[in-house]
Amino acid sequence: MILIESGFSYESDCSNRWIHIIRLPSRFNLDLLTNCSEYHIYDDFCPYLLNHGLGPKTHNHSHSWYRTDPFLLELVFHRRMLEYPCLTQDPNLANAIYLPYYAALDALKYLYGPEINSSSEHGLELYSYLRSDAAEIWDRYMGNDHFLVMARPAWDFSQPLNIDPPLWGTSFLELPEFYNVTALVLEARAWSWQEQAVPYPTSFHPSTLHLLESWLKRVRRSRRSTLMLFAGGGGIAATPNIRRSIRNECEYNTTDHQQICYFVDCSNGICEHDPIRYMKPMLQANFCLQPPGDTPTRRSTFDAIIAGCIPVFFEEQSAISQYGWHLPPELYDEFSVFIPKEDVVFKEMKIVDVLQSIPDAKVRKMRDKVIELMPRLMYRRHGSTLGLKTTKDAFDIAIDATLERISSRLQDMSVQ
């Protein structure tokens, strides 16, 4: 079996890499997009459906920058899967089965809509379909070869079953029916068996190798006049917390020679779809602070790396224990700084003192590593040129690792 894309044969590259996409009824994906303005307590996300989930361009002449909503990763992933070179229409030949189910969008009716009291039922309709209309595919490995994308933190799908009154979230990942399915999420739980965290999509989606290389040159040449930057909100509560400590340090933010801390106020979500607000300041900063918020991880971590800004973490759950496929744990000392939040909040450790103590030569070396890792964390635009496709991005790495994970599970099943 040979697949041809733009004149290239992928026969030799597809060994153990075949993926079958289950044809789900549109109620599980495309129909969900029609509800984009239905939930008044949730933002109207209709404008960000453009370009298969990348969103509208930041301006008319933009080639690589979009107003991307990270919670639309399911659309982005689905579109990229359609041009994956090793697709097969025969599920019996497939090494993995992709479910193009927009789980995060379907969850909105349970999180913000009329079915909030039925959140334990999230996923049951999908399971019923898989057991009735795709039973032969499912029964082969009882879902162990299936995977899907869930474009929210796993916590949003981890409400215990039968809890009364319901807590925040749905119970999709608590359903025994889906225990064997691999879920690609924006943030995994500490004890994850089902899920694996993949990078938040940023606003940078180049379509050619030239556009990527041009951006890398700009990042390398950028003058870093600010020691550290924090782009976010919070930190105004009276109780001690890491964001409050950061904002307190940023109040005294200049010296005669260098701006010590730059604060980009992203309160009330004003930065979510406006990358210009934070990308320009990030290009001018050496370090970007990544404190936890409602959950440990932040999209800002990946925005910072795209800008060549060295991330500073305050919890291991913010990255090192999350994104092992894309950011191997053994590399963290080479491209990031870790400062325990307890030392800052309760032991009066100053972030600025830690960062100023790092020699300039090491800072340059860390930034070089950040720039080296950058392509692994971006999602290139669908329909990219063949030249750019030789550079693996976040999607490519996620697919490679998913195939390895599924292969390992199936091997374990065969020896039991």
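The values are calculated or read from the model by the stated rules, or taken from the named source; none is laboratory data. None of these values were measured; they are calculated from a predicted model. Cβ atoms come from the backbone with ideal geometry, glycine included; neighbour counts cover every protein chain shown. To get the accessible areas, we keep the full protein, side chains included, count just its heavy atoms, and leave off ligands, DNA and RNA. Shrake-Rupley method; radii C 1.70, N 1.55, O 1.52, S 1.80 Å.
Has the stretch 364-377 got at least one residue that is open to solvent by 30 Å² or more (accessible area, probe 1.4 Å), assigned to a loop (DSSP other than H, G, I, E, B) and either without any contact (Cβ under 8 Å) to a residue 60 or more places away in the chain or in contact with a Pro (Cβ under 7 Å, 6 or more places away or on another chain) (or both)? Step through it out loud before you land on a result.
Residues of the stretch 364-377 that are open to solvent by 30 Å² or more (accessible area, probe 1.4 Å), as a first pass: 364-365, 367-369, 372, 376.
Of the ones still in play, those that are also assigned to a loop (DSSP other than H, G, I, E, B) are none.
No, because not a single residue in the stretch 364-377 is open to solvent by 30 Å² or more (accessible area, probe 1.4 Å), assigned to a loop (DSSP other than H, G, I, E, B) and either without any contact (Cβ under 8 Å) to a residue 60 or more places away in the chain or in contact with a Pro (Cβ under 7 Å, 6 or more places away or on another chain) (or both).
Which condition breaks for Glu342 when tested against (1) acidic (Asp, Glu); (2) buried (at least 18 other Cβ atoms within 10 Å of the Cβ); (3) more than 24 Å from the chain's Cα centre (by Cα)?
Failed condition: (2).
Just one of the numbered conditions (1) open to solvent by less than 30 Å² (accessible area, probe 1.4 Å); (2) farther than 28 Å from Arg67 by Cα; (3) not acidic (Asp, Glu) is not true of Arg244; which one?
If we test Arg244 against (1) open to solvent by less than 30 Å² (accessible area, probe 1.4 Å); (2) farther than 28 Å from Arg67 by Cα; (3) not acidic (Asp, Glu), just (1) comes out false.
Given the options Val198, Val264, name the one that is over 27 Å from Leu75 (Cα atoms) and among the aliphatic types (A, V, I, L, M).
Working: Val198 fails: over 27 Å from Leu75 (Cα atoms).
Result: Val264 is the single residue among Val198, Val264 that is over 27 Å from Leu75 (Cα atoms) and among the aliphatic types (A, V, I, L, M).
Looking at the stretch 171-180, can you tell me whether even one residue there is acidic (Asp, Glu) and farther than 21 Å from Asp69 by Cα? First the steps, then the outcome.
Filtering the stretch 171-180 down to residues acidic (Asp, Glu) leaves 174, 177.
Still in the list and also farther than 21 Å from Asp69 by Cα: 174, 177.
Yes: one or more hits.
Pick from Trp155, Trp191, Trp138: which is touching a Lys or Arg at 6+ places or on another chain (Cβ under 8 Å), aromatic (Phe, Trp, Tyr) and open to solvent by 30 Å² or more (accessible area, probe 1.4 Å)?
Answer to the check: Trp155.
When you check Asn117 against the structure, is it out of contact with any Leu (no Cβ under 9 Å at 6 or more places or on another chain) and assigned to a helix (DSSP H, G or I), yes or no? Break it down into steps so the answer makes sense when it comes.
Values: out of contact with any Leu (no Cβ under 9 Å at 6 or more places or on another chain): yes; assigned to a helix (DSSP H, G or I): yes.
Answer is yes for this residue.
Determine which single condition Tyr278 fails, assuming it passes every other condition in (1) surrounded by fewer than 19 Cβ atoms within 10 Å (Cβ to Cβ); (2) of a type in the set (Phe, Trp, Tyr); (3) touching a residue at least 40 places away in the same chain (Cβ under 8 Å).
(1)
Hey, Leu108 hits all of (1) part of a helix (DSSP H, G or I); (2) over 30 Å from Asp90 (Cα atoms); (3) aliphatic (A, V, I, L, M); (4) without any contact (Cβ under 8 Å) to a residue 24 or more places away in the chain but one; which does it fall short on?
Against the list (1) part of a helix (DSSP H, G or I); (2) over 30 Å from Asp90 (Cα atoms); (3) aliphatic (A, V, I, L, M); (4) without any contact (Cβ under 8 Å) to a residue 24 or more places away in the chain, Leu108 comes up short only on (4).
Restricting the search to the stretch 215-265, which residues are at pLDDT 90 or above, within 26 Å of His205 (Cβ to Cβ) and assigned to a loop (DSSP other than H, G, I, E, B)?
Ser222, Arg223, Arg224
From the residues in the stretch 348-362 that are without any contact (Cβ under 8 Å) to a residue 40 or more places away in the chain, assigned to a helix (DSSP H, G or I) and not small (Gly, Ala, Ser), which one is surrounded by the most Cβ atoms within 10 Å (Cβ to Cβ)?
Here is the first cut: in the stretch 348-362, the ones without any contact (Cβ under 8 Å) to a residue 40 or more places away in the chain are 348-349, 353-354, 357-362.
Next cut, assigned to a helix (DSSP H, G or I) only: 353-354, 360-362.
Add one more test, that the residue is not small (Gly, Ala, Ser), and what stays is 353-354, 360, 362.
Numbers: Asp353: 9, Val354: 17, Asp360: 8, Lys362: 10.
Ranking the qualifying residues of the stretch 348-362, first place goes to Val354.
For the stretch 62-78, does any single residue satisfy the condition of being outside any strand (DSSP E or B), closer than 24 Å to Gly383 by Cα, hydroxyl-bearing (Ser, Thr, Tyr) and free of Cβ contacts under 8 Å to residues at least 12 places away in the same chain?
Applying the first criterion (outside any strand (DSSP E or B)) to the stretch 62-78 yields 62-64, 67-78.
Okay, now just the ones that are also closer than 24 Å to Gly383 by Cα, so 62-64, 67-78.
Next, only the ones that are hydroxyl-bearing (Ser, Thr, Tyr) stay: 62, 64, 68.
Now restrict to residues that are free of Cβ contacts under 8 Å to residues at least 12 places away in the same chain: 62.
Yes, the stretch 62-78 contains a residue that is outside any strand (DSSP E or B), closer than 24 Å to Gly383 by Cα, hydroxyl-bearing (Ser, Thr, Tyr) and free of Cβ contacts under 8 Å to residues at least 12 places away in the same chain.
Could you check how many residues of the stretch 121-135 are open to solvent by less than 10 Å² (accessible area, probe 1.4 Å) and assigned to a helix (DSSP H, G or I)?
2
Just to be sure I understand, how many residues within the stretch 109-120 are over 19 Å from Asp31 (Cα atoms) and either open to solvent by 20 Å² or more (accessible area, probe 1.4 Å) or of a type in the set (Lys, Arg) (or both)?
Initially, the stretch 109-120 is screened for residues over 19 Å from Asp31 (Cα atoms), giving 116-120.
Remaining after also requiring either open to solvent by 20 Å² or more (accessible area, probe 1.4 Å) or of a type in the set (Lys, Arg) (or both): 116-118, 120.
Result for the stretch 109-120: 4.
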